[in-house]
Amino acid sequence: MTVAMTELRGHLLTPAGFLRGQLRVVDGRIAAVDGDPVTEAQVRADTATPLWLPGFVDLHVHGGGGADAMDGGAAIVTLARTHARHGTTALLATTMTAPLSEVETALQAVRPHCSARSRGGARVLGVHLEGPYISGRRLGAQPDFVRAPALAEILALHAIAPLRVLTLAPEVEGALALIPALADAGIRVQIGHSTASYELAAQALAQGACGFTHLFNAMSGLHHREPGVVGAAFAHGRHAELIPDLLHVHPGAIRAALRALPGLHCVTDATSATGMPDGDYRLGRQTVTKCLGAVRLADGTLAGSTLTLDQALRNLVLHLGLPLTQASAHVSTLAARYLGEHERGVIAVGAHADLVQLQGATLQVQQVWVEGESIR
């Protein structure tokens, strides 16, 4: 049997901090990590030495490279390759609210990619079902095909392709009672696209909901007499996803969320317009327009993003001033842990060789490895 082995050298961000040393990759996994401790300041100053971080993990991806997860066919391959070039080594293909038959077709297209990764692309870990079990009063950019949730229906979708995350508005009829059964099925229920009160959102958390979909966006906001879903997240939540493109959420609100939620992980909410020139694209059934870095519906509503997680990392470090170690956790480790993926989002012996090499000063992507495959 032939054993594929590679050694990479440079500054390595490990759970213990930065090391200057080397790691060995054998058959797609990290077999050894050795080196001497160095400070982050030394790492950032030494731009001649390769800087290696854990590969990024994105739990909310609608599309990229002109392809949408609802398209079926080769769309999943295209979006996985588009995001991999920007350092994302694992992701969840994310659906739009649509008639049930269209959701089923999209899941059927995703299914084979959950068991077999396409060369040159990120690993598809499963599906984030963002709708149709949401509030018609907080659609955001979702089309109005909302429906009341039914356990048998959701489990049937789960049987087509693994639903790792499901966005749910707890005020929708029957939603609250389903949360324990969904949690028992291994589906992480996130509160989102919701007008719920603080009290109802807190009750959903007590029932087993464990996160929030694109925190602040398409949910009842924080007011000192009506704390809403955001207030429940701050008061009782541990995990939430957030879009740090500096358009969806003000930097001050991002700072507040970072202090309040220890498990906050960054997502892109990327659309098919990601990696493409300005123009018109599809987001599920919707036509969206990319212009000046934003994606919007015809009425001006933000409709997902063109963000990639390497840019998210740069925003956290270069605009918000986070230490690189902390920013890296928010775009990789915390998302992986939230999903129960303990062999991703970390540079450690036994983990998948999911790695991104950055230039130390600009944090631009130089190389990407996915499960031991060098794709850039």
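Restrict the check to the stretch 226-233 and report whether at least one residue is more than 30 Å from GLY208 (Cβ to Cβ) and in contact with a strand residue (DSSP E or B) (Cβ under 7 Å, 6 or more places away or on another chain). Steps first, answer last, please.
Let us first name the residues in the stretch 226-233 that are more than 30 Å from GLY208 (Cβ to Cβ), namely none.
No - not one qualifying residue is present in the stretch 226-233.
For the stretch 19-75, list the strands (runs of 3 or more DSSP E) that sit wholly inside it and hold at least 3 residues that are surrounded by 21 or more Cβ atoms within 10 Å (Cβ to Cβ); which are they? Lay out the reasoning, then the answer.
On the way: elements: 29-37, 51-54, 56-61.
The qualifying strands (runs of 3 or more DSSP E) are 51-54, 56-61.
Out of the residues in the stretch 190-212 meeting the condition of being among the aliphatic types (A, V, I, L, M) and buried (at least 24 other Cβ atoms within 10 Å of the Cβ), tell me which one is nearest to PRO132 (Cα to Cα).
Step one: list which residues in the stretch 190-212 are among the aliphatic types (A, V, I, L, M), which gives 191, 196, 200-202, 204-206, 209.
Of the ones still in play, those that are also buried (at least 24 other Cβ atoms within 10 Å of the Cβ) are 191, 196, 201, 204, 209.
Details: ILE191: 13, ALA196: 16, ALA201: 18, ALA204: 18, ALA209: 17 Å.
Among them, the one singled out is ILE191.
Hey, can you tell me all the residues within the stretch 197-241 that are among the aromatic types (Phe, Trp, Tyr) and under 18 Å from the mean Cα position of the chain (by Cα)?
Pass one, the stretch 197-241, residues among the aromatic types (Phe, Trp, Tyr): 198, 212, 216, 234.
Across the stretch 197-241, the qualifying residues are PHE212, PHE216.
Could you pull out the residue among LEU23, LEU19, LEU8, LEU13 that is within 26 Å of the chain's Cα centre (by Cα) and modelled with pLDDT of 95 or more?
On the way: LEU23 fails: within 26 Å of the chain's Cα centre (by Cα); LEU19 fails: within 26 Å of the chain's Cα centre (by Cα); LEU8 fails: within 26 Å of the chain's Cα centre (by Cα).
Testing whether each residue is within 26 Å of the chain's Cα centre (by Cα) and modelled with pLDDT of 95 or more leaves just LEU13.
Step by step: first the residues of the stretch 1-25, then only those that are in contact (Cβ under 8 Å) with a residue 40 or more places away in the chain and of a type in the set (A, V, I, L, M), then the one that is farthest from GLY360 (Cα to Cα). Which residue is that? Let's see the steps before the verdict.
Filtering the stretch 1-25 for residues in contact (Cβ under 8 Å) with a residue 40 or more places away in the chain gives 4, 6, 8-15, 17-18, 23, 25.
Applying the additional criterion that residues be of a type in the set (A, V, I, L, M) yields 4, 8, 12-13, 23, 25.
On the way: ALA4: 28, LEU8: 16, LEU12: 12, LEU13: 12, LEU23: 18, VAL25: 22 Å.
Only one residue fits best here, namely ALA4.
Only residues that are farther than 21 Å from HIS250 by Cα and outside any helix (DSSP H, G or I): list them for the stretch 313-340, please.
As a first pass, look at the stretch 313-340 and keep what is farther than 21 Å from HIS250 by Cα: 325, 332-340.
Within the stretch 313-340, LEU339, GLY340 meet the criteria.
Would you mention how many residues in the stretch 276-303 are over 13 Å from HIS62 (Cα atoms), touching a residue at least 24 places away in the same chain (Cβ under 8 Å) and either part of a loop (DSSP other than H, G, I, E, B) or in contact with a helix residue (DSSP H, G or I) (Cβ under 6 Å, 6 or more places away or on another chain) (or both)?
Looking only at that region, the number is 4.
Residue under question is ALA141, and the condition is that it be aliphatic (A, V, I, L, M), touching a His at 6+ places or on another chain (Cβ under 9 Å) and not in a strand (DSSP E or B); does it hold?
Working: aliphatic (A, V, I, L, M): yes; touching a His at 6+ places or on another chain (Cβ under 9 Å): no; not in a strand (DSSP E or B): yes.
Here the answer is no, as ALA141 does not meet what is asked.
Would you check which residues across the stretch 360-372 are surrounded by fewer than 18 Cβ atoms within 10 Å (Cβ to Cβ) and more than 23 Å from the chain's Cα centre (by Cα) and list them?
ALA361
Please enumerate the residues belonging to the stretch 177-193 that are under 25 Å from GLY231 (Cβ atoms) and part of a helix (DSSP H, G or I).
ALA177, LEU178, ILE179, PRO180, LEU182, ALA183
The values are calculated or read from the model by the stated rules, or taken from the named source; none is laboratory data. The model shown is predicted, which means the values in this text are computed figures rather than measured ones. Glycine gets a Cβ as well: all are built from the backbone with ideal geometry, and neighbour counts include every protein chain shown.
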